[in-house]
1. Out of the residues in segment 4-26 meeting the condition of being of a type in the set (S, T, N, Q) and open to solvent by 70 Å² or more (accessible area, probe 1.4 Å), tell me which one is modelled with the lowest pLDDT.
2. Go through the residues of segment 72-87 one by one and say whether even a single one is over 25 Å from residue 161 (Cβ atoms) and polar (S, T, N, Q).
3. Only one residue in 215, 206 is open to solvent by 40 Å² or more (accessible area, probe 1.4 Å) and at positive phi. Which one?
4. Return the total of residues in segment 167-194 being among the hydroxyl-bearing types (Ser, Thr, Tyr) and closer than 15 Å to residue 232 by Cα.
5. Condition test on residue 222, is it surrounded by 15 or more Cβ atoms within 10 Å (Cβ to Cβ), touching a His at 6+ places or on another chain (Cβ under 8 Å) and at pLDDT 85 or above?
6. Tell me, please, whether a residue that is of a type in the set (Val, Ile, Thr) and crowded, with 17+ Cβ neighbours inside 10 Å can be found in segment 178-192.
7. If you go through segment 183-195 one residue at a time, do you hit one that is assigned to a strand (DSSP E or B), under 29 Å from the mean Cα position of the chain (by Cα) and modelled with pLDDT of 65 or more?
8. Identify all residues within segment 138-159 that are buried (at least 17 other Cβ atoms within 10 Å of the Cβ) and not in a helix (DSSP H, G or I); write none if there are none.
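The values are calculated or read from the model by the stated rules, or taken from the named source; none is laboratory data. None of the values given here were measured: they were computed from a predicted structure. With ideal geometry, Cβ positions are generated from the backbone for all residues, glycine too; neighbour counts draw on all protein chains shown. For the accessible areas, the whole protein counts, side chains as well, though only heavy atoms, and no ligand, DNA or RNA atoms are used. Shrake-Rupley method; radii C 1.70, N 1.55, O 1.52, S 1.80 Å.
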Amino acid sequence: MPQAESGSGPVMNLELVQERLGYQFADQSLLRQALTHRSFGQPNNERLEFLGDSVLNCAVAALLYEHFNKLDEGDLSRVRANLVRQQALFEVAQRLELSQHLLLGDGERKSGGFRRPSILADAFEALVGAVYLDGGFDAARRSLRLLYAPVLHDLDPKTLGKDAKTLLQESLQGKKLPLPVYTVVATHGAAHAQLFELECTIPKFSIRVQGRGGSRRAAEQEAAKRALEALKAAEAVPKARRAARRRASAAAAPASPEVTTESADEKGAPSNEMSRG
């Protein structure tokens with residue numbers, strides 16, 4: 001049954017949360033505790049969050065091991081790290097609409113805590129810990145398999161978690177082309193608050209783009225991102241031209257002549273009666 005909190009607080013619909021988790025709790029108090037922020041009082045979800053963090057890492061590792069059977073250890077570790085970071089957990093929590101069911105203190109709620117990524121991510125980890133305590137590791141893994149299914153379906157394990165500079169370098173190396181050249185164009189501001197302007201060039205494609213950032217690394221990443229976009233656009237043009245040429249050639253090709261088979265009579269062959277005469 002939904003449990004209403006006093007005042008202007010949320011209406012906790014524990015049944016709805018369990019339906020979305022794909023798990024029914026035997027001990028409902030664990031579910032309630034997982035949704036209770038420390039600002040609301042005791043018992044809160046901090047200890048469950050600690051437990052859920054470890055369960056989540058192990059369960060997601062198992063899911064990736066099953067789903068991507070050709071990925072090596074390094075790629076598996078990189079993908080897992082991105083699937084259990086705060087932003088990823090926040091996005092899962094949003095799909096579960098946990099903000100509607102969190103128990104927060106008045107001050108935290110009024111300051112918008114129910115929308116804060118860190119609070120929602122922590123609550124999701126606490127939920128994982130609660131499922132583990134209530135039903136064991138297999139129950140937690142089944143729930144996470146359900147929740148991560150759309151993520152794994154759309155995930156590209158070769159690019160997830162790689163920054164723009166790495167992706168650009170790998171793209172050029174795959175084409176056996178020289179690496180891009182990064183050149184500082186200008187720096188602005190005082191030493192403690194400098195702004196860097198940097199240029200990235202790829203001579204083979206006549207690409208020359210700029211990036212800006214508060215550090216040289218940030219400026220390089222911005223320039224690399226723009227260079228990647230320019231590279232994809234440059235590669236798309238020849239493909240479009242080749243496709244247009246193929247369509248034009250197909251339209252201009254002469255139609256194949258029809259082959260007809262005529263009978264002996266149609267060719268004027270003598271009839272049996274004439275041959276007998």
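1. 6
2. Checking segment 72-87: not a single residue is over 25 Å from residue 161 (Cβ atoms) and polar (S, T, N, Q).
3. Of the residues listed, the single one that is open to solvent by 40 Å² or more (accessible area, probe 1.4 Å) and at positive phi is 206.
4. 1
5. When the stated conditions are applied, residue 222 does not pass them.
6. There is no residue in segment 178-192 that is of a type in the set (Val, Ile, Thr) and crowded, with 17+ Cβ neighbours inside 10 Å.
7. no
8. Across segment 138-159, the qualifying residues are 155, 157.
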